[in-house]
Amino acid sequence: MYDRKPADQVLTFVVSGMLWNSSLVMEDLETGSFWSHLLGTSVEGELVDTKLDVIPAMVVDWETWKTSYPQTTAVLMQRSAGIYRKNFHTGQRSKFVVGLAGQNGQKAWVYEDLRYYSVVNDEFEGNPVVLTYDDDSGTALIYSRTIEDSMELLFEFRDGQMIDQQTESQWDLNSGKCMDGEYLGKTLRRLPGIPGYREAWETFYPKSEYWVPADSNQ
């Protein structure tokens, strides 16, 4: 998901009907520029090399989303109705990643690895992050581990709960909200993780680093 207002111009995007590196190409109606949907960058036209700001988003089933955000309304598009299956990732978790693209590098985490931990403490470009993975919905998210008071938290998955080691507060995997404990009502800042196929990620970010579990033989 991107902010469609680079600089002072609001853009209207449509599907161009073309592919670049086997991936969808968007076109804006205002200038006719073409954009990579994975990079969020214009690759041809008047706005070439212009980059859209990423807005944190998630791939999740409606039931899980509605549980975390019960006041949500939704637009149902006829063409897309029924396409998303709740357990679409089952049996192919090694094909999916969630990644971060920063100023100086990129890093990705494979669903298959995240599945065994549910909660992973890590760093990206020197900043502490935590990965969460909900296998029921196939949702992988990335949050900052620094809370509002500048406290850097370490998390673990214990008895089905995401708990920080510093205060024993309990946090919701899919919203980053503290549900019980010292930080009750506080919410972790969600980072713009990009979920997608590993093959596509490697095509657009060929120099990406991968997280490797400490007990892995890789």
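Inspect the range 19-30 for any residue being touching a helix residue (DSSP H, G or I) at 6+ places or on another chain (Cβ under 8 Å) and open to solvent by less than 30 Å² (accessible area, probe 1.4 Å) and give the result as yes or no.
yes
Name the residues in the range 1-14 that are open to solvent by 100 Å² or more (accessible area, probe 1.4 Å) and hydrophobic (A, V, I, L, M, F, W, C), would you?
Met1
Look at the range 47-77 and say how many of its residues are exposed (fewer than 15 other Cβ atoms within 10 Å of the Cβ) and in a helix (DSSP H, G or I).
4
Among what's in the range 175-211 and is part of a strand (DSSP E or B) and of a type in the set (Phe, Trp, Tyr), pick the residue that is nearest to Ser22 (Cα to Cα).
Among those residues, the one meeting the criterion is Tyr197.
For (1) touching a Ser or Thr at 6+ places or on another chain (Cβ under 8 Å); (2) open to solvent by 30 Å² or more (accessible area, probe 1.4 Å), each residue gets a yes or a no:
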residue: Gln165; (1), (2): no, yes
residue: Asp172; (1), (2): yes, yes
residue: Leu188; (1), (2): yes, no
residue: Tyr197; (1), (2): no, yes
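Are there any strands (runs of 3 or more DSSP E) wholly within the range 130-170 with 3 or more residues that are under 22 Å from the mean Cα position of the chain (by Cα) and under 14 Å from Thr187 (Cβ atoms), and if so which?
Of the strands (runs of 3 or more DSSP E) lying wholly inside the range 130-170, those with at least 3 residues that are under 22 Å from the mean Cα position of the chain (by Cα) and under 14 Å from Thr187 (Cβ atoms) span 139-144.
Report every pair of residues separated by at least 6 positions or lying on different chains whose Cβ atoms are under 6 Å apart, first residue within the range 185-203 and among the β-branched types (Val, Ile, Thr), second in a strand (DSSP E or B).
Thr187/Lys177; Ile194/Gly99
Which is out of contact with any Ser or Thr (no Cβ under 6 Å at 6 or more places or on another chain), open to solvent by less than 50 Å² (accessible area, probe 1.4 Å) and of a type outside the set (Ser, Thr, Tyr), of Gly105, Gly126?
After applying the criteria, what remains is Gly105.
Could you tell me which residue of the range 54-104 is modelled with the lowest pLDDT, considering only residues that are of a type in the set (Gly, Ala, Ser) and within 26 Å of Arg189 (Cβ to Cβ)?
Ser68
Have a look at Tyr183, Tyr205 and point out the one that is within 24 Å of Pro70 (Cβ to Cβ) and touching a strand residue (DSSP E or B) at 6+ places or on another chain (Cβ under 9 Å).
Tyr183
The values are calculated or read from the model by the stated rules, or taken from the named source; none is laboratory data. Everything numeric here is computed off the predicted structure, so don't read it as measured data. Note that each Cβ is placed from the backbone with ideal geometry, even for glycine, and that neighbours are counted across all protein chains shown. Side chains are part of the model used for accessible areas, which takes the heavy atoms of the whole protein and leaves out ligands, DNA and RNA. Shrake-Rupley method; radii C 1.70, N 1.55, O 1.52, S 1.80 Å.
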